[in-house]
Amino acid sequence: MTARDTILGRVRQGVGKDDFAQRKAAAQGLLAARSRGPQPVLSGGLVDRFRVKAESLSSTVEAVPDLRAAPAAVARYVAAQHLPPEIVMTPDVASLEWAASGVRGVARAAHDVDRVGVTACFCAVAETGTLMLLSGPDSPATVSLLPETHIALVDTACIVATMEDAFALLRAERGEIPRAINFISGPSRTGDIEQTIVLGAHGPCRVHLILIGAPS
């Protein structure tokens, strides 16, 4: 045993942290027995609640009947905003019929010159109008963060009531937490200068949501 080991051993004993296995077991027991705190009571349907909250956060919303209609909805929005029809998308939405809609898309991580990024989302939170995006090979985080316009395809079947429900769904479907989880509540904003809200300061200045399977 080195002098370093001796010193660190004394420190661990002094602060009561010598039995790592016991502390780990105690922590795991607390996690397994976790209980939820107070939850809000949401009135109305989850889709309507999500839409109202998202729009209050300066997101724009369009509803389409199914996923096949999403590329045309993206094309309409891009044209209405006078944006170029070239988009970068996450690989998990690349199989849609983009070319037929007049949009030219490439599936990859975003670069700083990309102006429009299209992603799916793992789920959405009705309470706050928030998207939950998970990082991974098929969903690089840069596509929702670098372009000035972020368009998200939101499956209405994956809208949950609260943030706690979102994490419960993540644990149930994925088991493990991915390397990064991004929560997006409308365009990026800041009020640092004279308390004036400025959109797009640290990320997209526009967030457009396409609700899949919702009545228009």
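The numbers here are math on the coordinates, done by the rules we state, and not lab data. None of the values given here were measured: they were computed from a predicted structure. Using ideal geometry, Cβ is built from the backbone for each residue, glycine included, and neighbour counts are taken over all protein chains shown.
Assorted remarks:
- Spacing of the two label points (7 Å from each Cα toward its C-beta) at residue 55 and residue 34, in nm: 3.4 nm
- Of the trypsin sites (Lys or Arg not before Pro) in the stretch 20-78, those whose Cβ has at most 11 other Cβ within 10 Å and which sit in DSSP loop: 34, 36
- Cβ-based charge dipole, the chain, positive-most Cα from 186, 81, 71: 186
- DSSP loop GluC sites (Glu not before Pro) with at most 14 other Cβ within 10 Å excluded, longest remaining stretch of the chain: 1-96
- Amide H partners (placed H, <5 Å) of residue 86, local residues excluded: 104
- Positive-end residue, the chain charge dipole about Cα centroid, Cβ charges, pick of 2, 169, 143: 2
- Quarter the surface of the alpha carbon convex hull of the stretch 67-147 and you get the mean projected area, 5.5 square nanometres.
- Alpha-carbon centroid distance for the pair the stretch 27-59 / the stretch 131-149, whole angstrom: 22 Å
- Each label point was placed 7 Å from the Cα along the Cα-to-Cβ direction; for residue 66 and residue 48 their separation is 2.6 nm.
- Estimated from helices alone, the mean residue ellipticity of the chain at 222 nm is -8500 deg cm²/dmol (sum of -39500 (n - 2.57) over DSSP H runs with n ≥ 4, per residue).
- Cα-derived Rg over Rh, computed across the stretch 1-91 with Rh taken as Kirkwood radius: 1.36
- Fraction of beta bridges assigned by DSSP in the stretch 46-212 that are antiparallel (%, nearest 5): 30 percent
- Prolate/oblate/rounded call for the stretch 63-216, Cα gyration tensor, a/c under 1.5 rounded: rounded
- Residue 104-residue 135 FRET efficiency (beta carbon distance; Förster radius 30 Å; 0.05 resolution): 0.75
- GNM top mover of 124, 99, 109 - the chain, alpha-carbon springs below 10 Å: 99
- In nm, spacing of pseudo-spin labels at residue 97 and residue 3 (7 Å Cα→C-beta vector): 7.6 nm
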